[in-house]
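The values are calculated or read from the model by the stated rules, or taken from the named source; none is laboratory data. Quantities reported herein were computed from a predicted structural model and do not represent experimental measurements. Neighbour counts run over all protein chains shown; Cβ positions are idealised from the backbone, glycine included. Heavy atoms of the whole protein, side chains included, go into the accessibility calculation; ligands, DNA and RNA do not. Shrake-Rupley method; radii C 1.70, N 1.55, O 1.52, S 1.80 Å.
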Amino acid sequence: MTPFLKRLSAILPTDRLLCEPQHLSAYESDGLTAYHARPIAIVMPETADEVIAIVRACHAEKVPFVARGSGTSLSGGSLPVADGVVIALNRLNRILSLDPAQRIAVVEPGVINVAVTAAAAPHGLHYAPDPSSQIICTIGGNVAFNSGGAHCLKYGMTSNHVLGLKAVLATGEVVEFGSTSREQIGPDWTGLFTGNEGLFGIALEITVQLLPKAECFHTVLAGYKTLEQAGDAVSAIVASGLLPGAIEIMDALALEAATAAVHADYPPGCEAVLIVELEGPREVVAADRVRLDQIIAASSPVEARPARNATERVAIWKGRKSAFSAVGRLSPDFIVQDGVVPRRRLGEALRRIGEMTREAGLRCANVFHAGDGNLHPLILYNGKNAGELERAEALAGRILKMCVEMGGSITGEHGVGVEKRDYLPDMFNPDEIDCLQRIRAAFDPLMIANPGKMFPGGNAPALTSHGLHPLEKAGLISRE
Amino acid sequence: MSNHITPTTVSELVSAVRDHPRLLAVGAQTKPRLSAIDDDVMRLSTLKLSGITEYEPDEYTFTALAGTPVREIAEAVAAKGQYLPFDPLLLEAGSTIGGAVASGLSGPGRFRFGGLRDFILGVRFVDGSARELRLGGKVVKNAAGFDLPKFFVGSLGRFGVFAEFTFKVFPSAAATLTLRLPVSDPTKALEIFDTVGLSRWEAEAVDFLPTGDAVLVRLAGPDEPLQILAQEIFRHFPGEILSATAADTIWSDLRELRWTTAENSLHKVAISPNQVPALCIRVSSLSGDAHIYSGGNVALVSLPAGTDATSLGLPALTLRGTGPLWTLPPTPPAIHQAVKLALDPADRFPSLA
Ligand SMILES: Cc1cc2nc3c(=O)[nH]c(=O)nc-3n(C[C@H](O)[C@H](O)[C@H](O)COP(=O)(O)OP(=O)(O)OC[C@H]3O[C@@H](n4cnc5c(N)ncnc54)[C@H](O)[C@@H]3O)c2cc1C
């Protein structure tokens, strides 16, 4: 046993310090199944004090660590470091307090996203950030990645809902940022920590705000002959001054897949389906829906289907939320991309993705958050065919570069991780990357917190092929 | 030698930072305490770095130079049927967008969708090594790199000089309606805060007035439904609907801090709703006044000269008057200084203390 492992064994009982190959292999990958690396140990702390002690041991022995929630990161964020430890936070899963009057909750990092909403629901409240992986991903992972969902345009991302946090930094220092107030004095440390991709340290307690659940919804599904028409409808909605809770588009391949997988029913002959959802007090929704229905009617859809009741609404969202895993079933392997373009250039972006996909001799489905220009192209390929993985990766890269060229971003919500670290220089110049690195070094001078992520360079981990996350294969989750 | 420098371009701004070993950016100085600092510190005025450089109504985004008056931005977006949901203060007084970010001040409307931190998307700034950097992005959704734009909110120019920002805006509601609900004491105000916060009404603002005798609730949305919601609110808390003119006047007075007097000091205090009654007692024992807004999450407190914010015992920033600039933890975490050093290695900008 190395001195480091000895140190860990003084902190944790043997059943929570795993070093055997059969245990380690379960943690070799995250949601980006293309990559894998074997850590030296997995530790499973149950208390914040244990996490602090482990991080301090890592700091003292200069051993890299990777925090891990549910391992659903799609960019390789929770991929282990070969000579490091994985700190699995799933057992820190207590909701420490929930104050309905102030509409806040304090949770441990291993709490599952939907568990917060479930605890808040009896008070008529909910936790707004809703990544498609919400039934499995953790609040700690959401904080690290500033995760989004279908409602970002109106409600923002994770960082817009985190009021404060307690964390152990990679230096071993324990800090408290923010508070239970929605306002703060001094620089926004909470905002800086959120989205750090595990490079600053480990969040131990997170104070989140809860919102009253909207009283009423009006969800419309509209089919269009062309993607361009669907895009024009989005522009018309945005120009009208309405502020829908969600505006989503699925393309033909995604529709085909959703139909096959969950028997979703779409208007026939459509190249695109638009989903728009209004929410609010019933009187407000009633007034807004008249305008929305007029705009959609004027956008020449093949057919528009407003959900007449809660069951129909759920069915619309089921088709949408299952679309990606459904597409994944059409192909042995796939890559999910996550780029952002200015909304007005969505049509152009989709056309170029189509052209680039044809040039690459591959297929690509598109399901995306049209309201905020967040594309999720899903590139299908077969890793068994020589050269296809490389062609798929090259295509993914071209799409990201296109997003930057159009004035957008290489990631809207999945983070940079390992997958996109080589594209960071497309968004930021060397001085800017240096600035980010200096900040990282302030939090983590030894570079032991999740090294090899976000920044270009470093040793590439093993790359195999992409495919469904094991939990998706089991039908437990689906992706956006 | 004058201790003001006024660059007119971003490249002049970069040179100005390079040329001055001790420097603080200042805007319109509507919050004088924020720029009250030793005379040997060069003040860099952003007033000539002004103007909206990009505005894409279809994208819900605009980009403006740091010295742009917030009022100019509010008017430009209003002309396209949009608004700044964080509801900036001191528009008529001439406050700049850079000053709004540095001070981290949002107005009553922050109740509905969040404060300034929730709408800032990108920043172009000059760090302490005189490098011009752009972080964040220009689109409404972006997760690449650390969120420095957010970090800068409330940072008081201690980490860099801002050149330009990108923000998200929202479409304006067709109508607004202001309800005045008389209250006898702060506990009743707290009850309204809590009830409105948990309700289906989606109020835009909920404020306890400095006069201490009423809570204002501002509703925003399509015209007719607002009337129905107002009647429902009155069934819980009796009150009246203010005329459009009366509402405009009262909101403008709050926004421009006309309820305060220039001799008094002025502080922004971060609180939780359940601290409202105790804060009110404290403020009145100090012979001060407070405007408590955002459902009891922010207070602007005016105190007689000679009393400073430390007597409030809450996290506070002094905007006007004397006393400490901001309350800091008794032993600030080491990370504060480490990040300061990362962005400003030569200590060009004023220290955090
Ligand atoms: C099917 C599917 C659908 C998805 N849909 C969405 C979506 O709609 N929107 C979206 O934004 N993302 C989505 N994702 C991506 C993913 O779910 C999110 O990034 C999520 O936040 C990761 O949470 P996790 O608990 O699985 O974290 P992990 O994958 O375990 O970790 C993610 C990162 O967080 C760090 N980390 C974890 N816990 C902590 C902590 N306590 N402190 C510091 N760092 C920590 C890790 O080191 C790692 O870098 C989806 C993924 C899948 C597989």
Contact order relative to length of the range B:4-171, as percent, for alpha carbon pairs under 8 angstrom and 6 or more apart: 25
Portion, in percent, of the accessible area of the range B:142-253 that falls on carbon or sulfur, probe 1.4 Å: 52
Virtual spin-label span in nm between A:Asp434 and B:Leu286, 7 Å along Cα→Cβ: 4.4
For A:Leu125, distant residues with modelled amide H under 5 Å away: A:Lys213
Cα centroid separation, the range A:178-209 to the range A:263-298 (Å): 36
Probe 1.4 Å, protein heavy atoms only - accessible area per residue of the range A:89-167 in square angstrom: 27
Total formal charge among the other residues, if their Cβ is under 14 angstrom from that of B:Pro7, Lys/Arg +1 and Asp/Glu -1: 0
The range A:95-212: mean projected area of Cα convex hull, nm²: 6.8
Choice from B:Gly94, B:Gly104, B:Gly221 with maximal GNM fluctuation in chain B (Cα, 10 Å cutoff): B:Gly221
Carbon + sulfur, % of accessible area of the range B:265-327 - ligands and nucleic acids excluded, 1.4 Å: 57
Cα-based Rg of the range A:331-423 normalised by 2.2 N^0.38 Å, two decimals: 1.01
Chain A: relative contact order as a whole-number percent, Cα under 8 Å and 6+ apart: 17
Shielding by other protein chains, A:395-407, mean Cβ within 10 Å: 1
DSSP beta bridges in the protein assembly as shown [antiparallel fraction, %, rounded to 5]: 90
Using distinct alpha-carbon pairs, which all enter the 1/r mean, Kirkwood radius of the range A:178-296 in Å: 17.7
Set of lysines near B:Lys80 by C-alpha distance (under 22 Å), chain-local residues within fewer than 8 positions excluded: A:Lys154, B:Lys138, B:Lys141, B:Lys168
Calculated Rg and Dmax of the range B:265-327 using C-alpha coordinates, Å: 10.3, 29
Highest-fluctuation residue, B:Arg200, B:Arg124, B:Arg71 considered, GNM on chain B with Cα pairs under 10 Å: B:Arg200
Efficiency of FRET between B:Thr310 and A:Lys225 - r from beta-carbon atoms, R0 51 angstrom, step 0.05: 0.15
Counted charge near A:Arg352, where neighbours are those whose Cβ lies closer than 12 Å (Asp, Glu -1; Lys, Arg +1): +1
Cα point-scatterer Debye curve for chain B, base-10 log of I(q)/I(0) at q = 0.14 Å⁻¹: -1.18
Per residue solvent-accessible surface (Å²) - the range A:237-352, probe of 1.4 Å: 38
Separation of alpha-carbon centers, the range B:88-132 and the range B:2-55, rounded to whole Å: 16
Angstrom value of the Kirkwood radius, inverse mean 1/r, which spans all Cα pairs in chain A: 23.0
Other-chain or far-sequence residues with amide H under 5 Å of A:Leu163's (modelled H): A:Thr207, A:Val208, A:Gln209
Residue mean of other protein chain beta carbons inside 10 Å, A:101-108: 4
Sequence-separation-based contact order of the range A:94-191, relative, with Cα cut under 8 Å and 6+ spacing, percent: 18
Residue-averaged 222 nm ellipticity for the protein assembly as shown, from DSSP H runs of 4+ at -39500 (n - 2.57), nearest 500: -9000 deg cm²/dmol
Volume per residue that the Cα convex hull of the range B:4-171 spans, once the total is divided by residue count, Å³: 100
Pairwise FRET efficiency - A:His23 versus B:Glu256, Cβ, R0 = 60 Å, nearest 0.05: 0.40
Shielding by partners, peptide B:263-272 (average Cβ within 10 angstrom, other chains): 3
Reach of B:Lys340 by Cα under 14 Å, taken over aspartates and glutamates that are not fewer than 8 positions away in the same chain: A:Asp188, B:Asp127
Hull volume in cubic angstrom per residue (convex hull over the Cα atoms of the range B:175-255): 83
Accessible area that becomes buried as B packs against A, both chains, 1.4 Å probe, Å², nearest 100: 6400
Net charge over other residues, Cβ less than 15 angstrom from the Cβ of B:Arg112 (K, R count +1; D, E count -1): +1
Using a Förster distance of 35 Å, the FRET efficiency for A:Arg91-B:Thr331 (Cβ separation, nearest 0.05): 0.65
Nearby lysines by direct alpha-carbon distance to A:Lys321 (threshold 16 angstrom, same-chain neighbours under 8 apart not counted): A:Lys473
